[in-house]
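Here's the structure, in structure tokens; my notes come after.
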Amino acid sequence: MGRLFWKFFFFFMLAQSATTAWAVAFWIRHGRNLPKPPLEVMVGGVVASLAVAALLAWYISKPIRYLRHAFSAAAQGDLDVRIGGNLGRRRDELADLGRDFDRTAARLKMLMDGQRRLLHDVSHELRSPLARLQAAVGLARQDSANVGAVIDRLERESVRIDKLVDELLTLSRLEASMASREQESVNLAELVIEVVADATFEINARSAQVAFDVRVESLHAAKVTGDAEMLHRALENVVRNSVRYTPSGGQVHIVGEYDRGRREVRLMIADEGPGVATAELASIFEPFFRGEAAQATSGHGLGLAITHRVIESHGGRISASNRTSGGLSVEIHLPA
Amino acid sequence: MTTAKILLVDDDVELLDMLQTYLEREGFAVTTANAAATGVAAALSGGYALVVLDVMMPRMSGIQALRQIRTTSLIPVLMLTAKGDDADCIVGLELGADDYVPKPCTPRELVARIRAILRRTRGAEDVEDAPAVIHSGLLKVFPRQRRAEWGGKSLDLTSTEFNLLEALARSAGRAVSKDALSEHALGRPLARFERSIDVHVSSIRRKLGTTPDGRSWIQTVVRQGYQLLAQ
């Protein structure tokens, strides 16, 4: 029995003793002509009150002991510990506290696992450009005639690493500052048009042949609240991805709808590329996921993960499906 | 020395291109494959002196590819593994890879490892003065043909395992240090905390079975290395 038990026990006893003492005092003053209470009854009363005090103290201190064990286990890094079953069918503030603990531990574990996985993926992902850098330097050492080409390569790889680091920072900023996000009213239609304009500019610069089919007029009426910069990034990643997989001469379709009844906007971005294997559809929003059709050196699989986090942090959801006519369709729902 | 044919298997096409150029200038004949499946098919088609296999590939990993190669072929395999990922190294060596190089590595390092394995595989320098057969109990090692028999039956050994067994057989009854084994079998000194030799020895142990009284034919000699029991 812990200290807390004895404290409760002592105070319950004190309360009961005070009551008894008051009763005895009352009897001494007013009850002299009343018959004396029999000794057995008095002893029985004392024993019963002791038992009740002990039971009550135990009832309160036991769940607290469980909580303490759970907290100290969590402090040692064991986040698999759960209180749930130990409190039985209890329904009071202490049981709520236990459930809160379970939720906290589960959430922390999820976050920590996510961070660990991300760190593993990042170190893995940084290796590819580094391996290429080392191979390039090796080539230059082998034959100095290579130096020009090698410098181009070094530049390209360092841009890749820079971009990767940039996206990582975005991702970690997203995770760290969900609460302190800028909140403003965002016009999604304008955002889409901006993203499409940027993408068109890039496509022209590469003299590729990809056209846009944009129908987002109904979104002008919808007001989405959130961080415009983050939403811009989120859309940009999806659109870039679609452009990348659309073959020359193909189209990227962007359709927006505002559902006043449900108070949400739906945005569909579809390409005419090879699509994604059905088994892999759910995974494309995970960091560093790379589909079968993807090239080893194109992109690094953080873009869609960032989009996913941004949409979720705005209270929306995102999903992907294959179109019957071929190509991937990404659907975004945001509250408006 | 004829040109050694090397097969490079990696999913990173740009890296493959550069390594191919580098290795060709170093005097190797290089073929590349950018997926595990085509890599396995090429490795099994024969004609290569060595396969360099990247462990980290999408879909079929290098480990799975190695398992498929090893079901039918004893071709020398050099793995490219993630730095710091010891689990991959151990699993790869257990499956019969001959050695590994952590990636990213300099091409010079890669070439050194490839040369070390090829030198050991061909046994070029030893052949002249090597005895025709080393006899120790049930074991017969034929260094010139690079094959070994155990109780009259031929042993399926990878190139590295053969080198280890040969070194142990030459000193049967005496302990051979892990460093000496590493120099002989891998052509390089052992890195600190490295477990390659232990893993290779344990797969040889599996292939030899146990003595009648249940001991392993290759005994661990604490702080000294390994010893092949001389009956």
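Laid out as a table, the results:
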| quantity | calculated |
| --- | --- |
| Positions within segment A:72-97 being surrounded by 13 or more Cβ atoms within 10 Å (Cβ to Cβ) and within 17 Å of A:TRP58 (Cβ to Cβ), in sequence order | A:ASN86, A:LEU87, A:ARG90, A:LEU94, A:ALA95 |
| Residue check for A:ALA53: touching a helix residue (DSSP H, G or I) at 6+ places or on another chain (Cβ under 8 Å), more than 30 Å from A:PRO287 (Cα to Cα) and not assigned by TED's automatic domain parsing to the domain that holds A:LEU164 | yes |
| Selected residue (only one of A:ASP143, A:ASP162 is away from chain B (no Cβ under 14 Å) and either surrounded by fewer than 13 Cβ atoms within 10 Å (Cβ to Cβ) or within 28 Å of A:GLY315 (Cα to Cα) (or both)) | A:ASP162 |
| Cβ pairs under 7 Å, 6+ apart, first in segment A:15-29 and assigned by TED's automatic domain parsing to the domain that holds A:VAL52 and within 16 Å of A:VAL43 (Cβ to Cβ), second of a type in the set (Gly, Ala, Ser) and surrounded by 13 or more Cβ atoms within 10 Å (Cβ to Cβ) | A:GLN16/A:SER49; A:GLN16/A:ALA53 |
| Candidate set: segment B:203-231, residues that are assigned to a helix (DSSP H, G or I) and in contact (Cβ under 8 Å) with a residue 12 or more places away in the chain; chosen: the one farthest from the chain's Cα centre (by Cα) | B:LEU208 |
| Residue count for segment A:74-108, restricted to those that are part of a helix (DSSP H, G or I) and in contact with an Asp or Glu (Cβ under 7 Å, 6 or more places away or on another chain) | 1 |
| Close pairs (8 angstrom Cβ cut-off, 6 or more residues apart or separate chains): closer than 20 Å to A:ALA140 by Cβ in segment B:1-21, modelled with pLDDT under 85 and outside any loop (DSSP other than H, G, I, E, B) anywhere | B:ASP12/A:SER128; B:LEU15/A:SER128 |
| Test for A:ALA228: is it of a type in the set (A, V, I, L, M) and within 30 Å of A:PHE288 (Cβ to Cβ) | yes |
| Answer from B:HIS184, B:HIS135, B:HIS200 - the residue that is surrounded by fewer than 15 Cβ atoms within 10 Å (Cβ to Cβ) and not in a loop (DSSP other than H, G, I, E, B) | B:HIS135 |
| Residue check, A:LYS109 more than 12 Å from every other protein chain (Cβ to nearest Cβ) and under 18 Å from the mean Cα position of the chain (by Cα) | yes |
| Of all residues in segment A:137-150 being assigned to a helix (DSSP H, G or I) and over 15 Å from B:LEU15 (Cα atoms), the one that is modelled with the lowest pLDDT | A:ASN146 |
| Single match in A:SER185, A:SER180 (criterion: outside any helix (DSSP H, G or I), closer than 24 Å to A:GLU312 by Cβ and at pLDDT 85 or above) | A:SER185 |
| Residue satisfying all of: in segment A:1-47; within 30 Å of A:ARG68 (Cβ to Cβ) and among the small types (Gly, Ala, Ser); nearest to the chain's Cα centre (by Cα) among these | A:GLY2 |
| When residues of segment A:318-336 are limited to those that are touching a strand residue (DSSP E or B) at 6+ places or on another chain (Cβ under 6 Å) and among the β-branched types (Val, Ile, Thr), the one farthest from A:VAL224 (Cα to Cα) | A:VAL330 |
| Qualifying residue in segment B:16-24 (condition: under 19 Å from the mean Cα position of the chain (by Cα) and closer than 18 Å to B:THR106 by Cα) | no |
| Counted residues, segment B:68-87 - those being buried (at least 20 other Cβ atoms within 10 Å of the Cβ), over 12 Å from the mean Cα position of the chain (by Cα) and closer than 16 Å to A:ARG127 by Cα | 2 |
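The values are calculated or read from the model by the stated rules, or taken from the named source; none is laboratory data. These numbers were taken from a predicted model, which means no experiment stands behind them. Because the Cβ atoms are built from the backbone with ideal geometry, glycine has one as well, and the counts that use them run over all protein chains shown.
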